[in-house]
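Student: Before anything else, here's the structure in question.
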Amino acid sequence: MFTKINKFRFWILPFAMIALFCRLAPAQSSSSTEQETKWLSVLRSDAAPSEKAIACKHLAIHGSSDSVAELAKLLPNPQLSSWARTALEVIPDAAADKALRDACESLQGRLLAGTLNSIGVRRDAAAVELLSARLQDSDVEVASAAAVALGRVGNSDAAKSLQQALTSTQGPVRDAVAEGYVLCAEGRFSAGEFEAATKIYDEIRQAEVPQQRMIEATRGAILARKQAGIPLLIETFQSADDKLFQLALGTARELAGSEVDQALASQLASAIPERAALIVQAMSDRPGTVQVAAIIKAAESGNQQVRLSAIDALQRVGDVSCLPVLLAIAVQDETELAQAAKVALAGLAGEGVDAELAALLTKAEGKSYPLLIELVGQRRIQTVPDLLKALKHSDTSVRHAALVSLGETVSLDQLPELIAQVVSPKDATDLEVAGQALKAASIRMPDREACATQIAQALIRAQPATRSLLLEILSDVGGTKALATLADAAKSNDPELQDTGSRLLGKWNNVAAAPVLLDLAKSAPAEKYQVRALRGFIGIARKFTMSDEERAAMCKSALETASRDDEKKLVLEVLQIHPSVATLELALNAKKFPAIKEDATATSLVIARKLGEKGVDVSELMTGAGLDPIKLEIVKAEYGADATQKDVTEIVRKLASNVALIPLKSNFNATFGDPAPGIVKRLRIQYRMNGRNGEATFAENALIILPSPR
C-alpha cells in the first residue's frame, strides 16, 4: 500500500532492497571502510550531482555512522535528497535516525514528506512525537507521509495518535491515516496479537474512510478473528458491492478450517449464477478441506455457467466419487458441457480413478462405451485386452476409439497387435485411424530400433496400398533400421515403393542419410528418383552442421554425381552459404563445367569476398584461377525503362569492391527502388576497371558481374 507521497520514491525502492541485501551478504574483496572513504570523498568534492548520486548508492551498501553527516547535508538538496535518504534508510546506526529527525525541523514540502517517509522505513520509535505533530500539517503530502510513517513504526504511541486522527482528519489525510492504522493492525497480526489487531480493524471499518481502506480492514478483521470471522466473511459475500464480494473470494482462500468450506457451500446455493461460478472456483482452491459433494451437485444441474465452473473445479479437486456425474454429462447432447466433462475426466486425479474407469469399461454400452475407450487411452490405462475386444465391434466409432487408445497404451510386446490392424484392418475405413495409432505408438517407444524392426518385417506381408503407410511410419520412427528399410524400398522393383522410399529419404532429418542418398542418386531405378535423392543429399550438405572439409567433400560428390545443371547450381548455392577455403577451391574447380561456368565464377567471387571480410587471404587461389583482385571505379549507374531512369550510382558504389561481382542482398527493386512499376527494367553501369573504361547492361534481377573492358 502506497500513500500519495510514496509514488515520489517508489522507483528508488528496488535499489534500497539491493543495498540491504548487500549489507547482509558476505564481505566483498575490498573492505567497506575503503569503499566508504572513497565515496565520501566524492560527496565532499565539487563533483557533479550525477556523480554524487552514484556515491550515495554505494554508501547505501558501504556506509556507516561516519557517512551520516555528509549524507544529511544533502537532505535539503532537491536533486540529491532522495539518494541521500536511500543510504540513510539502511545505515545500521542510530545516528541515521537522528539525522532524519533533525532534518525535519528545516525541510518543507516534498523534501519533508520524503524524509518522514524514510523515518517510517526505519521504524524510528523516537520519532513518534514528531510524526504525530506533523499529522496536523497544512501540507497534505506532509501530513499523509507522517500518517503512513506512524503506521510503519506501529508501537502503541503511534497507534494512539492514528486512532485520534482517524476522526479528526478529512479527505486525503484521513485516507493516509487509515492506511497507517491498517499498518499498525498488520503489525499486531504478524506478532500474533489477534485481539488487538481485530480492535483496530473494526475501528477502521466503522469510520468514514475510502473503500480501499474499508476493504483492507475487512479482510484483516476476518483473518484476525480466524474461525470466528466466518460470519463476517458470509456478510461480505452477501454484499451488493462487487469489490467486497471479490474481497470475500480472496479472503476465503486464506482462511483455514473446514468451517470455511461449509460457509462457501452455503453461499453457493443462494448466490446468483455469476457469483456462484466464482465461489466454486474459490472452493476448488481449498483442496485440503473442499466439500466435493457441493461442487458435484453444482455440476449436475442448474445454470450452465455454474455447471461449467463446477466441472472445471472437479478436474482439480475431484476424486472417484465424481465419475458418475462427469460420465453422465460427457455423453449429453449439450456440446460445451460434454466437452468440459471429457476434459475433466481426462485430467481427474485421485486414488482409484483409473481402476474404476477400467472396471466400467468391461461392462459399458451405448454412448458410454466409446467414451470410456477414449478415456483409457487419454489416461494411458493399461486395458489392452479390452481395447482389442472393442476392435471387433460393429460400430465404427467404437473401433476407431479403440485404435486411438491402443496407440497410446500398447507396449513394444503388444505392438504386433496394432501392426496387424494396419496390415489387415477389419474394415477399409479403419486403415487411416489404425495408421495414425501405429504412428503414435511407434514414436513413443523407448526402443526405436526394435520398433522399426517389427514394422519392417510387416512390410513383407502388407498389401501394396499399406506399404507406403508403413514406410511413412518408419520415417517418423527414425534410426538405422528404418533408414535401411527406406533405402531398400527406394531401390526395389515396385514403383510405388520407389516413389515413397526416395521421397521420405529426401526429407530425412539426419546426416546419417547422406551415404544412402548418394548411393541412391547413383543407382536408383529411375532418373526422377536419382534426382530426388541427389537433392536430398545436397539438402543435408546445406542445412546440417559439419566441418568445412566434410561439407566440401559432400558438395564435390554431388557435383560429380549430378547429370543436370539444376542440381549443380544447387551445390553452388550451398558453397555460397558456407564460405570456406575448401568451398572456394571447389567453386573455382566447378568452372570446368561449361554450362555453369558463369555461376561458378560468381560463386567464387562471393565466397572470396566473404572470406576477405573475415580476414582470410585467398588472393593466391583467386590469382591461380585468373580472378585477380581489380581496381574498380563506378562512374555512373542508372536503373529504369526507356526514358524513366533512376540514378543509382551511389548505391552501386557502396556495393562494389575489388572484384567484378556487385552483390545484392535482395532483388533490383528492393535495392534501388522501382522507378517504373509494372515495366521490365534494366540496370546500366559505366565503370573503370584497372584504368580501362567499360559499360554493361543487366536485365532486371540478373547476376551483376562486370566484364573486363577490352
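The values are calculated or read from the model by the stated rules, or taken from the named source; none is laboratory data. This is a predicted model, so every value here is computed, not measured. All Cβ positions, even for glycine, are placed from backbone atoms using ideal geometry, and neighbour counts span all protein chains on display. To get the accessible areas, we keep the full protein, side chains included, count just its heavy atoms, and leave off ligands, DNA and RNA. Shrake-Rupley method; radii C 1.70, N 1.55, O 1.52, S 1.80 Å.
Student: In vacuum, with every alpha carbon of region 185-255 counted as one equal point scatterer, what does the Debye formula give for log10 I(q)/I(0) at q = 0.19, 0.22 Å⁻¹? Two decimals, please.
Tutor: Taken in order of the listed q values, log10 I(q)/I(0) reads -0.68, -0.91.
Student: How much of the accessible area of region 556-710, probe 1.4 Å, is carbon plus sulfur, in whole percent?
Tutor: Answer for region 556-710: carbon and sulfur cover 48 percent of the accessible area.
Student: Could I ask something else about it? Considering Cα pairs under 8 angstrom that are at least six residues apart, work out the relative contact order of the chain and quote it in whole percent.
Tutor: Relative contact order here is 4 percent.
Student: Any idea what Rg and Dmax come out to for region 267-420 if you just take the C-alpha atoms, in Å?
Tutor: 17.0, 57
Student: Under a Cβ-Cβ cut-off of 15 Å, what is the net charge of the residues other than A94 that fall near it, where Lys and Arg count +1 and Asp and Glu count -1?
Tutor: -2
Student: Over region 21-133, what relative contact order in percent results from Cα pairs under 8 Å that are six or more residues apart?
Tutor: Relative contact order for region 21-133 comes out at 21 percent.
Student: Tell me, what HN-Hα J-couplings in whole Hz come from the Karplus equation 6.51 cos²θ - 1.76 cosθ + 1.60 at θ = phi - 60° for each residue of region 145-162, using x for Gly and Pro?
Tutor: Ordered by residue, 3J(HN,Hα) equals 4, 4, 5, 5, 4, 4, x, 6, 4, x, 7, 5, 5, 5, 5, 5, 4, 5 Hz.
Student: Okay, moving on. At 1.4 Å probe size, what's the solvent-accessible area of T396? Round to the nearest 10 Å².
Tutor: The value for T396 is about 60 Å².
Student: Using the Karplus curve 6.51 cos²θ - 1.76 cosθ + 1.60 with θ = phi - 60°, work out ³J(HN,Hα) for each residue of region 560-568 in order, rounded to whole Hz, and write x for Gly and Pro.
Tutor: Ordered by residue, 3J(HN,Hα) equals 6, 7, 5, 9, 10, 5, 4, 6, 4 Hz.
Student: Could I ask something else about it? Per DSSP helix of 4 or more residues, -39500 (n - 2.57); summed, then divided by the residues of the chain. What does that give at 222 nm, rounded to the nearest 500?
Tutor: -20000 deg cm²/dmol
Student: To the nearest Å, what is the center-to-center distance of region 652-685 and region 532-606, using C-alpha atoms only?
Tutor: Region 652-685 and region 532-606 have Cα centres separated by 26 Å.
Student: For region 297-448, which whole percent of the accessible surface, found with a 1.4 angstrom probe, sits on carbon and sulfur atoms?
Tutor: Of the solvent-accessible surface of region 297-448, carbon and sulfur hold 50 percent.
Student: Per the 1.4 Å probe, what fraction of the accessible area of region 460-540, in percent, lies on carbon and sulfur atoms?
Tutor: C and S fraction of accessible area: 51 percent.
Student: OK, next. With a ≥ b ≥ c the root eigenvalues of the C-alpha gyration tensor of region 433-511, is it rounded (a/c under 1.5), prolate (a/b larger than b/c) or oblate?
Tutor: Because a/c hits 1.5 or more and a/b fails to exceed b/c, region 433-511 counts as oblate.
Student: Given a 1.4 Å probe, how much area per residue of the chain is accessible, in Å²?
Tutor: On a per-residue basis, the chain sits at 47 Å².
Student: Also: Which number do you get for Rg(Cα) / (2.2 N^0.38 Å) in the chain?
Tutor: Compared with the compact-globule rule of thumb, the chain sits at 1.51.
Student: Determine the sum of side-chain charges near R152: Lys and Arg each +1, Asp and Glu each -1, restricted to other residues whose C-beta is under 12 angstrom from that of R152.
Tutor: -2
Student: Considering every Cα-Cα pair within region 591-644, what fraction, in whole percent, is farther apart than 18 Å?
Tutor: When every Cα pair of region 591-644 is considered, 50 percent fall beyond 18 Å.
Student: Next question, about the same structure. Counting only protein chains, not ligands or nucleic acids, how are E208, E700, E179, E598 ordered by accessible area (probe 1.4 Å), most first?
Tutor: The most accessible residue leads, giving E208, E598, E700, E179.
Student: Can you check what the net charge comes to around P525, using other residues whose Cβ is under 15 Å from the Cβ of P525 (Lys, Arg +1; Asp, Glu -1)?
Tutor: So the environment of P525 carries a net charge of -1.
Student: Can you give me the Kirkwood hydrodynamic radius for region 293-380, using every pair of distinct Cα atoms, in Å to one decimal?
Tutor: 12.7
Student: Give me the accessible area of H400, 1.4 Å probe, in Å² rounded to the nearest 10.
Tutor: For H400, solvent-accessible area is about 40 Å².
Student: If the chain between Q212 and I460 were fully stretched, how many nm would it gain, using 0.36 nm times the residue separation less the Cα-Cα distance?
Tutor: 81.6 nm
Student: Between A699 and A355, what is the label-point separation in nm under the 7 Å Cα-to-beta-carbon projection?
Tutor: 7.9
Student: Convert each backbone phi in region 182-199 into a coupling constant with the Karplus relation 6.51 cos²θ - 1.76 cosθ + 1.60 (shift: θ = phi - 60°), then list the ³J(HN,Hα) values in order as whole Hz, x for Gly and Pro.
Tutor: Whole-Hz 3J(HN,Hα) from phi for region 182-199: 4, 4, 4, 5, 5, x, 4, 4, 4, 7, x, 8, 5, 5, 5, 5, 4, 4.
Student: To the nearest 10 square angstrom, how much accessible area does D157 have with a 1.4 angstrom probe?
Tutor: 90
Student: Name the residue farthest towards the positive end of the dipole of the chain from the options Y529, Y181, L232, assuming +1 on Cβ of Lys and Arg, -1 on Cβ of Asp and Glu, about the Cα centre.
Tutor: It is Y529.
Student: Please label the shape of region 238-316 as rounded, prolate or oblate, based on the square roots a ≥ b ≥ c of the eigenvalues of the alpha-carbon gyration tensor (a/c under 1.5 means rounded; beyond that, a/b larger than b/c means prolate, else oblate).
Tutor: Here region 238-316 falls in the oblate category.
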